[in-house]
1. Given the criteria surrounded by fewer than 21 Cβ atoms within 10 Å (Cβ to Cβ) and either out of contact with any Ser or Thr (no Cβ under 7 Å at 6 or more places or on another chain) or under 30 Å from A315 (Cα atoms) (or both), does D215 qualify?
2. Considering every residue within segment 299-309, establish whether at least one is closer than 22 Å to N200 by Cα, of a type in the set (K, R), touching a residue at least 12 places away in the same chain (Cβ under 8 Å) and crowded, with 17+ Cβ neighbours inside 10 Å.
3. Kindly evaluate V98 against the criterion of being among the aliphatic types (A, V, I, L, M), in the same structural domain as R313 (by TED's automatic domain parsing) and touching a Pro at 6+ places or on another chain (Cβ under 8 Å).
4. Please enumerate the residues belonging to segment 47-68 that are of a type in the set (A, V, I, L, M, F, W, C) and in contact with a Leu (Cβ under 6 Å, 6 or more places away or on another chain).
5. F156 passes all but one of (1) closer than 18 Å to V226 by Cα; (2) touching a strand residue (DSSP E or B) at 6+ places or on another chain (Cβ under 7 Å); (3) assigned to a loop (DSSP other than H, G, I, E, B); which number fails?
6. Taking the residues in segment 84-101 that are surrounded by 24 or more Cβ atoms within 10 Å (Cβ to Cβ) and among the β-branched types (V, I, T) as candidates, determine which candidate is nearest to T326 (Cα to Cα).
7. Enumerate the pairs (first residue in segment 151-170 and closer than 26 Å to F95 by Cβ; second residue anywhere and exposed (fewer than 15 other Cβ atoms within 10 Å of the Cβ) and of a type in the set (A, V, I, L, M, F, W, C)) with beta-carbon separation below 7 Å, excluding pairs fewer than 6 apart on the same chain, so at least 6 apart or on different chains.
8. Can you find a residue in segment 229-242 that is buried (at least 23 other Cβ atoms within 10 Å of the Cβ), over 30 Å from V111 (Cα atoms) and hydrophobic (A, V, I, L, M, F, W, C)?
Amino acid sequence: MSTTKVYSSLSRRRLAGLAGVLGLVVAGLGIGPAAAQTAVRFTLDWRFEGPAALFLMAQEKGYFKAEGLDVTIDTGNGSREAIPRVASGTYDVGFGDVNSLIRFRDENPTVDLKAVMMVYDRPPFAIVGRKSRGITSDVKSLEGKKFGAPAADAAFAQWPIFKTVNKLDDSKMRMENVGFPVREPMLASGEVDAVFGFANSSYINLKSRGVPVDDIVTMLMSDYGVELYGNVVMASPKFMAEKPEALRGLLRAITKGIRDTVANPELGAQLVIKRNDVAKQEVELERLKMTLEQNVVTPWVKANGVGGIDKARWATALDQIGLTFTFKDKAKAGEAFVDSFLPAEADRKL
């Protein structure tokens, strides 16, 4: 064999060896195919409106990607509908109503679906009416009125608690099951006197339809003795069990996204507009600011950080749910929240 051929053969071996070493180094650094991102399917509770910015911000800023996650965010059809989507495994994670989740757990004890992050420390559940239709801030003004009440609405689901706590007689009230798209239009046209909904949705939608602000009455249920929590990030049992580190990374990213949204709601509204071509910047900005003020950045959250719960209040909320719902196993249903995937409390301060 010639000297040239021997040298060429040795060179090829050395290059191959060097390539193998470089491949290990690259893999160790998390570059290339070895760093393939974990796909995560996330369902919102509703359309791409102001509150969705809390999650879109994490996507826009690259926080999900930095955690090794490829997150797909889809719109929803109500905060109760997110529950079966996640429970079935169609989605890994979702944003929905924790009170409906508690009831779901009691009715489906074999499905260990859990909330892993509290986002709405105060729920946006509200009854929104019009002064011109006889509705005032006095709950007694609701008696004898006609309501637009979507069957799948999380706010309407709390009506039994609201009326019990406030000792209301609903024998003369009329509840009309209406679709979400016609709820506010029916109130605006006077076909109903009030509607059940989220304050950050119904109030803004009425205002955008030309209803005078001084004619809109918003009764936040949390101001009338309802101690419930609101929307949470929930995870499927399979995702929690098989990809716990991915879930921790997801919550770290969402926490950063919430913090950035609080600091810059204008950018948050812009991100919503990018995904909803019929939405208006000023409308979604107002909706987002309202959500942050009323539901997310509460006094408790300012003191303790976003994401967790107060155990004493959680117990009170369970008791209130029990006023109108007969638990099969209250203790098990009440284990609907777990904080072990959350970032440290110091990292959750806003």
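1. No; evaluated as a whole, the condition is false for this residue.
2. no
3. So V98 does not fit the description; no.
4. Result: A52, A53, L56.
5. (3)
6. Ranking the qualifying residues of segment 84-101, first place goes to V98.
7. Between residues of segment 151-170 that are closer than 26 Å to F95 by Cβ and residues that are exposed (fewer than 15 other Cβ atoms within 10 Å of the Cβ) and of a type in the set (A, V, I, L, M, F, W, C), the close pairs are I161/L323.
8. No - not one qualifying residue is present in segment 229-242.
The values are calculated or read from the model by the stated rules, or taken from the named source; none is laboratory data. Since the structure is predicted, the reported quantities are computational estimates derived from the model, not experimental observations. Cβ atoms come from the backbone with ideal geometry, glycine included; neighbour counts cover every protein chain shown.
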